Amino acid sequence: SDVCSSDLDYENRIMYIITDVFENSMTLSKFINGYQERDEIISTFKLLKIIKGLLKAIVYLHKIGIAHADIKPENILINDKLELQIIDFGISCAKNCIVLGTLLYQSPELIRVIGSKQKKSVNVLKKGDIFSLGMVFYLLANLSFPFPLDGDYILNKKSKYTENLPIVRLSGPALLF
C-alpha cells in the first residue's frame, strides 16, 4: 500500500511513480468476484484490514499532492496477506486536470464535467477519490453496488458536455468484471 518513490516534474507535466514488485497478487475485482461466486461475505476482520490499507494508501497519495482520479477494484492489487497496492496512475493528477476516469465510481459533481475540457483542481479530484473509495468500500461490504446496474445509467444523466452522446444501456456484469 506504499508508493516507494515519486517525483513530480511540473515543467514537463510528468509524474514518475515507482513501486515495489507485488507478487502473488490479484486485482481487488477478482478478489470480490471470488466471494460472489462462492456466495460468501468478506469477514469483518478482512474487510477492516482492506479498508485500513486503502485509506493509508490514499492518505499517502494525497499527502504528496497526487489525486489518483480512477479508484476502482480493477486498479487495486491485493495479495494473500491482504496487503494492497494501488496501480494505474495513467490519469492521476498533481495540479489542474481534465476529468477522466470510470463513470461507475465517479462522484456526481465530476460526472457532470467528464468529457469536457474544463479542468478541476487536484483538491477537487482528491475529493472524488474519497467518493470512489466509498463506492469500493460499499462493494466490498455488500458484494454489490448501492444502486441497480441494469438499464439506462449514468450517460443518460447528461451534462452539456455529454448531451450529444447516446443513452447507453449498461449491464451489471459487464461493468463489474
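Points worth noting:
- 5 angstrom amide H check on residue 76, placed H, neighbours 5+ away: 28, 29, 87
- Added length on full extension, which subtracts the Cα-Cα distance from 0.36 nm per residue, residue 91 to residue 35: 17.2 nm
- Loop-located trypsin sites (Lys or Arg not before Pro) in segment 91-152 whose Cβ has at most 12 other Cβ within 10 Å (DSSP): 117
- For the pair residue 23 and residue 47, label points projected 7 Å from Cα toward Cβ lie 3.3 nm apart.
- Ranking of 109, 74 by solvent-accessible surface, largest first: 109, 74 (1.4 Å probe, protein heavy atoms only, all chains present).
The values are calculated or read from the model by the stated rules, or taken from the named source; none is laboratory data. Values in this document were obtained by computation on a predicted structure and should not be read as measured data. Please note: Cβ atoms are built from the backbone with ideal geometry, for glycine as well, and neighbour counts cover all protein chains shown. Areas reflect the complete protein model, heavy atoms only, side chains present, ligands, DNA and RNA absent. Shrake-Rupley method; radii C 1.70, N 1.55, O 1.52, S 1.80 Å.
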